[in-house]
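Okay, structure first, notes after.
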Amino acid sequence: MSMNIEEYVQNEIEYSLKHLGDEKVRHAIKVGSDIRGYISEFLRGKGYIEIPPVIISPLTDPLNHPVYDPKISAYGGDLWLTKSMIFHKQIAVQSLKKIFIMSPNIRLEVEEKSKTGRHLYEFTQVDIEALEKTREEMMDLAEDLIIYTIKKIKENDADELKFFKRSLPDFKKPFRKITYMEAEKKYGKDFERELSMESKEPVWLIDIPLEAREFYDREYDDKPGILRDMDLIWPEGYQEASSGGEREYELPRIIERIHKKGQTEEQFKWFIELARHGIKMSAGFGIGIERFTRYVCGLERIEDTNPFPKVPGKVSL
Ligand code: AMP
Ligand code: MG
């Protein structure tokens, strides 16, 4: 920070007031609010129960990319801010069977990520999990969820779509699928971007290699090194909408996978202890609300979807 702190705060507050007063931001926030509402309505209609978010815990997602991890020491233990509720949802679903959470995630991403227009360091994902369901069943649910939400937006947010000069297509099920390896072969290193740029409809990227993901996604029994997981890619260059998959639930496999990722059992002792009690298979996915809103509104920058956007690298209100 080159300017002094008082100047910085003055500038930021000025920016914040301008941002909140921007017509584009106000319309995008309305669309985001409706997206949350329609997704909740859809999931409740399918028998999913909303559980409250966990914000702080000794256990959170390791993620497959580095972020700064602020540790809070209290009550004789260490606590972290939630990066995703992956473990909590896997635990809660054992008794509740079908759940979702409007889950605030804190991921202190590197400053570079501010350039993508897709990254905030505080965002919300709808995190969904169901007991004894397969990846394919969850992909089917995700397709219905997206089709339902976009249909509702088109019916009820016509003024906003007009403001953004946005006409959204009616997507048809099933969405196209491509494996990670096929995509890499066809489009090269930047395959996610290329795939998204050339598509007019959402596309599933499936069968992701073990090294590219965290330890908790389930490996195929008959395809070692390949996971039973999936990403959904928004069309028109908007890139990743969602990630999900079937979960690893067998203790020896969990331990083996933790080691393969170079992580320690100590780091995941809470989860290991739980798995020792026995957990059943589950599957699920998470969809970023701000990215969904960005796609619907056709926005260049994700911060326009949020009243108090946290852009990586910057202290903001
Ligand atoms: P992940 O499990 O890491 O794929 O995160 C779940 C979903 O949350 C992603 O598919 C995105 O839609 C969204 N998401 C992840 N990271 C961010 C971020 N830094 N900013 C905004 N949305 C994000
Ligand atoms: Mg992802």
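Cross-link pairs exceeding 26 Å between alpha carbons, from the set Lys83/Lys314; Lys152/Lys173; Lys89/Lys115; Lys83/Lys113; Lys83/Lys165: Lys89/Lys115; Lys83/Lys165. Within the range 1-44, the proportion of C-alpha pairs whose separation exceeds 14 Å stands at 65%. Among Met85, Asn64, Ile101, whose Cα projects farthest towards the positive end of the dipole of the chain, with charges put on the beta-carbon of Lys, Arg (+1) and Asp, Glu (-1)? With unit charges placed on the Cβ atoms, the residue in question is Ile101. Of all aspartates and glutamates in the structure, those lying under 15 Å Cα to Cα from Lys97, and not within fewer than 8 positions of it along the same chain, are Glu50, Asp127, Glu129, Glu132, Glu137, Glu246.
Extension gain for Met3 to Lys261 (0.36 nm times residue separation, less C-alpha to C-alpha distance): 88.7 nm. Between Lys173 and Lys189, full extension at 0.36 nm per residue minus the direct alpha carbon distance yields a gain of 3.0 nm. If I build a Gaussian network model for the chain, linking alpha-carbon pairs within less than 10 angstrom, which residue out of Leu251, Leu17, Leu168 has the largest mean-square fluctuation? Most flexible of the set in this elastic network: Leu17. In the chain, helices alone account for a calculated mean residue ellipticity at 222 nm of -12000 deg cm²/dmol, with every DSSP H run of four or more residues adding -39,500 (n - 2.57).
Calculated FRET efficiency, Lys46 to Arg301, Cβ-Cβ distance, R0 = 41 Å: about 0.80 to the nearest 0.05. Which FRET efficiency value, to the nearest 0.05, do you get for Trp270 and Leu63 by plugging their Cβ-Cβ distance into 1/(1 + (r/R0)^6) with R0 = 22 Å? My answer for the efficiency is 0.85. Simple spin-label estimate for Asp144 and Gln10 gives 5.7 nm between the two label positions (7 Å along the Cα-to-Cβ direction from each Cα). Across the alpha-carbon atoms of the chain, the computed radius of gyration and Dmax are 19.8, 60 angstrom. Taking a straight Cα-Cα cut-off under 19 Å and skipping sequence neighbours fewer than 8 places away in the same chain, the aspartates and glutamates within cross-link reach of Lys189 are Glu112, Glu198, Asp207, Glu211, Asp231, Glu236, Glu240.
As a proxy for reagent exposure, ranking Thr293, Thr60, Thr264 by other Cβ atoms within 10 Å from fewest up yields Thr264, Thr60, Thr293. Our note on the geometry: Cα centres of the range 51-79 and the range 242-317, 12 Å apart.
Here the range 53-97 is treated as an ellipsoid with the same Cα gyration tensor; its semi-axes, largest first and in whole Å, are 21, 15, 7. Starting from the Kirkwood Rh over alpha-carbon pairs, what translational D in µm² s⁻¹ does the range 61-203 have by Stokes-Einstein at 20 °C and 1.002 mPa s? Reported coefficient: 115 µm²/s.
Residue separation of Glu250 and Glu137 scaled by 0.36 nm, minus their Cα-Cα distance, works out to 38.6 nm of gained length. Across Glu41, Glu155, Glu248, mean-square fluctuation computed from a Gaussian network of the chain (C-alpha pairs under 10 Å connected) peaks at Glu155. By the count of other C-beta atoms within 10 Å, a proxy for reagent exposure, Ile91, Ile272 are ordered fewest to most as Ile272, Ile91. The Cα atoms of the range 186-302 cover 46, 29, 23 Å along the three principal axes, with the biggest extent listed first. Of the residues Val110, Val315, Val126, the one with the fewest other Cβ atoms within 10 Å heads the list, and the complete ranking is Val315, Val110, Val126.
Bear in mind these aren't lab numbers, they're just calculated from the coordinates by the rules spelled out. What you see is a predicted model, and the numbers here were worked out from it, not measured in a lab. Note that we place each Cβ from the backbone using ideal geometry, even for glycine, and neighbour counts take in every protein chain shown.
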